[in-house]
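The structure's right below; bear with me while I get my questions together.
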Ligand code: DGJ
């Protein structure tokens, strides 16, 4: 059992193979947080807490004359607003009388075998690869209006502890939830760095590491999606932690909407981490008898550096978050029409592209934006999910049949949440678009968004998408979204519930994705939001891969995929070889380098093969063979970052290794070229030190490859790349 109790049932110790997490009900019924870190002796770690007379930090009434008891200084499991703890709270509630000071006390607990799931929300699940237990601790509001159920899922072999929160109103009044964070962890001491992932459209998840200093450091999104700008994944580490050594703690939010991630370093040098729904666009009216569920956070810990923390998430997300057939089946190598032809195609052009692609060994042809309604540019047509047979020159099933006749599968693009004002749908149902009555809406890419918080709107779109999907043989769907939400408002909600619209929107997206998955269990669904604007663990529950970025430049992609790799496995990163010079940057890179980069993802092409010369076509055939050969190693092997592309001096390297160390694949791209330049030595990882390995016909001891490394000679060509297979002898 991974959940241990003391005799008095006041100390809760959660253990995974390498991690420990502990809470304690104290003498006043406050749930303290007492430990999160390396698994060790089961002991009451509350002895570490300092009790001192803290000026201006206040003492709860219950503590009587005990001036050394102050919530402002105590490590708490679920701190509340207005109750003498002046740090950022996990919970803020407006009571029926208008007050908002909240006090929670321990009420009860339950332990259940297996991992909990959450209604309408993504959650990790236990498979055959891990034991799982659930602990539910119930806190009660001291004014007896509601319960706070804290959920903990302990996934032992995965080394993950998940958290989620359910608030249950058992009073006769409505209460208003203003801020419900999903996870809070208080560290008593330590000098930490915060690792976050920032960016913008076409430059997502750039890795950033900063020391935590006094005050608040935060990332977040109020864009209605998790966003290109910040990712809902945080790492806290010791200052000296490196890729391969030291303590680090991961917090991944399984949610695709507004989020807030906060690190607060306080007056006593304590650090609080909070992760949950961003409170700015959120107020939830909780009626008597109702529950509110705050989404899940997956927490992980490693004492051996950032690389091993990432690999914990890679395994858990690949095996215990992604679902369905495509979690373990080899995914087809695809060609997407977007950068090849954009909106400028007809049925014959698509078939010509598919025919050329089939000859190269591509297995799936994806028809991107432009096949429906009046959609020859991005200014019109969104919402009208009817095939434009005039543009295609035939029915969709005819296109699909012709593609299948080439021995390929067929896929299709949708943007279910989008609507152009120039569309039949908007002309019929303007109130279905998100906008505030009487206020001109903020447009983005000439479009608005549909109110996915409404079931009637979702049902309509679902039905029309299904009509298209049922009209032809379609094996793949790309679900795109091309703007952030603004003017958040739902015509279907009363004024006092408008604060629910943003979260209800996300629940609506999940609801429809769940229905799609149920109805088309064999269909591969790829998420996308103008590239990686909704690349988060929440989406991965519904779509096992997500288009990583609209930036297809291989060199830019190194940094985007590097940042993404901290929290997400390569099997989830949509990555394609595109044409040269690159459409976004004009950069010229060798075809081989574009392939090496795209192979460290789901791998596909996004160009018009008719524009390729015979030499390149042969190279593409070889790349596809190569990818299939190394598929298992790349998709299911352990991933190692060898260098950081933003600071690498010459070559940037990364590597895959089989779990048992029997084989590996080294990939590297020359980022800088200098005449008469220095060499580069890449130290391999994940091999067996006592074994011998063959590298390009030469034999090396495993420990030599890992400790001394391999010499990568100075680059002779700008952006040249290598991909080296290494096998145990
Ligand atoms: C944005 C996506 O990221 C692209 O791949 C493409 O599908 C376009 N939208 C189409 O409008």
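Against the condition within 26 Å of residue 174 (Cα to Cα) and assigned by TED's automatic domain parsing to the domain that holds residue 363, how does residue 502 come out, does it pass?
Values: within 26 Å of residue 174 (Cα to Cα): yes; assigned by TED's automatic domain parsing to the domain that holds residue 363: yes.
Spelling it out, residue 502 is indeed within 26 Å of residue 174 (Cα to Cα) and assigned by TED's automatic domain parsing to the domain that holds residue 363.
Results for (1) farther than 20 Å from residue 484 by Cα; (2) within 16 Å of the ligand (Cβ to nearest atom), shown as yes or no for each residue.
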residue: 523; (1), (2): yes, no
residue: 530; (1), (2): no, yes
residue: 553; (1), (2): yes, yes
residue: 556; (1), (2): yes, yes
residue: 562; (1), (2): yes, no
residue: 566; (1), (2): yes, no
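All but one of (1) under 30 Å from residue 145 (Cα atoms); (2) part of a strand (DSSP E or B); (3) in contact with a helix residue (DSSP H, G or I) (Cβ under 9 Å, 6 or more places away or on another chain) hold for residue 250; state the number of the condition that does not hold.
Status for residue 250: all satisfied but (1).
Still on this structure: Quick check on the stretch 24-34. Is at least one of its residues without any contact (Cβ under 8 Å) to a residue 40 or more places away in the chain and under 28 Å from the mean Cα position of the chain (by Cα)?
No, there is no match, as no residue in the stretch 24-34 is without any contact (Cβ under 8 Å) to a residue 40 or more places away in the chain and under 28 Å from the mean Cα position of the chain (by Cα).
Do we have any residue at all in the stretch 599-609 that's modelled with pLDDT of 95 or more, assigned to a helix (DSSP H, G or I), closer than 30 Å to residue 312 by Cβ and within 16 Å of the ligand (Cβ to nearest atom)?
No.
A further question on this structure: Considering only residues that are within 29 Å of residue 627 (Cα to Cα) and away from the ligand (no atom under 16 Å from the Cβ), which ones fall in the stretch 361-390?
Step one: filter the stretch 361-390 for residues within 29 Å of residue 627 (Cα to Cα), giving 361-369.
The answer is 361, 362, 363.
Mind checking which pairs have a first residue in the stretch 401-429 that is on the phi > 0 side of the Ramachandran plot and buried (at least 23 other Cβ atoms within 10 Å of the Cβ) and a second that is at pLDDT below 95 and outside any loop (DSSP other than H, G, I, E, B), Cβ under 9 Å, 6 or more apart or different chains?
Filtered contacts from the stretch 401-429: no entries.
Residue-wise test of (1) assigned to a helix (DSSP H, G or I); (2) within 16 Å of the ligand (Cβ to nearest atom); (3) surrounded by fewer than 21 Cβ atoms within 10 Å (Cβ to Cβ).
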residue: 237; (1), (2), (3): no, no, no
residue: 272; (1), (2), (3): no, no, no
residue: 294; (1), (2), (3): no, no, no
residue: 316; (1), (2), (3): yes, no, no
residue: 319; (1), (2), (3): yes, no, yes
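Residues that are in contact with a strand residue (DSSP E or B) (Cβ under 9 Å, 6 or more places away or on another chain), without any contact (Cβ under 8 Å) to a residue 40 or more places away in the chain and either within 19 Å of residue 321 (Cα to Cα) or away from the ligand (no atom under 16 Å from the Cβ) (or both): does the stretch 510-517 have at least one?
Yes: one or more hits.
May I ask you to list the residues in the stretch 66-108 that are closer than 18 Å to residue 174 by Cβ and surrounded by 22 or more Cβ atoms within 10 Å (Cβ to Cβ)?
Selection gives 91, 93, 102.
Name the one entry in 463, 421 that is out of contact with any strand residue (DSSP E or B) (no Cβ under 9 Å at 6 or more places or on another chain), outside the structural domain of residue 257 (by TED's automatic domain parsing) and either within 16 Å of the ligand (Cβ to nearest atom) or modelled with pLDDT of 95 or more (or both). Outline the logic, then answer.
Values: 421 fails: out of contact with any strand residue (DSSP E or B) (no Cβ under 9 Å at 6 or more places or on another chain).
None of the others qualify; the one that does is 463.
Which of the residues that make up the stretch 476-494 are farther than 18 Å from residue 441 by Cα and surrounded by 20 or more Cβ atoms within 10 Å (Cβ to Cβ)?
Scanning the stretch 476-494 gives 476, 477, 478, 479, 480.
Follow-up. Tell me yes or no: at least one residue of the stretch 82-91 is closer than 27 Å to residue 4 by Cβ and modelled with pLDDT of 95 or more.
Yes, the stretch 82-91 contains at least one residue that is closer than 27 Å to residue 4 by Cβ and modelled with pLDDT of 95 or more.
When residue 285 is evaluated against the numbered criteria (1) assigned to a strand (DSSP E or B); (2) crowded, with 20+ Cβ neighbours inside 10 Å, which criterion, by number, is the only one it fails?
Condition (2) is where residue 285 drops out.
Also, I was wondering about something else. Tell me, yes or no, whether the stretch 349-360 has at least one residue that is part of a loop (DSSP other than H, G, I, E, B), more than 16 Å from the ligand (Cβ to nearest atom) and assigned by TED's automatic domain parsing to the domain that holds residue 395.
No - not one qualifying residue is present in the stretch 349-360.
So residue 96 passes all but one of these: (1) out of contact with any helix residue (DSSP H, G or I) (no Cβ under 9 Å at 6 or more places or on another chain); (2) in a strand (DSSP E or B). Which condition number does it fail?
So the condition that residue 96 fails would be (2).
Counting only residues that are within 13 Å of the ligand (Cβ to nearest atom) and either in contact with a strand residue (DSSP E or B) (Cβ under 9 Å, 6 or more places away or on another chain) or within 21 Å of residue 405 (Cα to Cα) (or both), how many does the stretch 336-348 have? So that I can check it myself, show each step before the final result.
So the first thing to find is which residues in the stretch 336-348 are within 13 Å of the ligand (Cβ to nearest atom), and the list is 336-345.
Narrowing further to those that are either in contact with a strand residue (DSSP E or B) (Cβ under 9 Å, 6 or more places away or on another chain) or within 21 Å of residue 405 (Cα to Cα) (or both): 336-340, 345.
The total comes to 6.
The values are calculated or read from the model by the stated rules, or taken from the named source; none is laboratory data. Keep in mind that what you see is a predicted model, and the values were worked out from it rather than measured. No Cβ is skipped: glycine too gets one built from the backbone with ideal geometry, and neighbour counts run over all protein chains shown.
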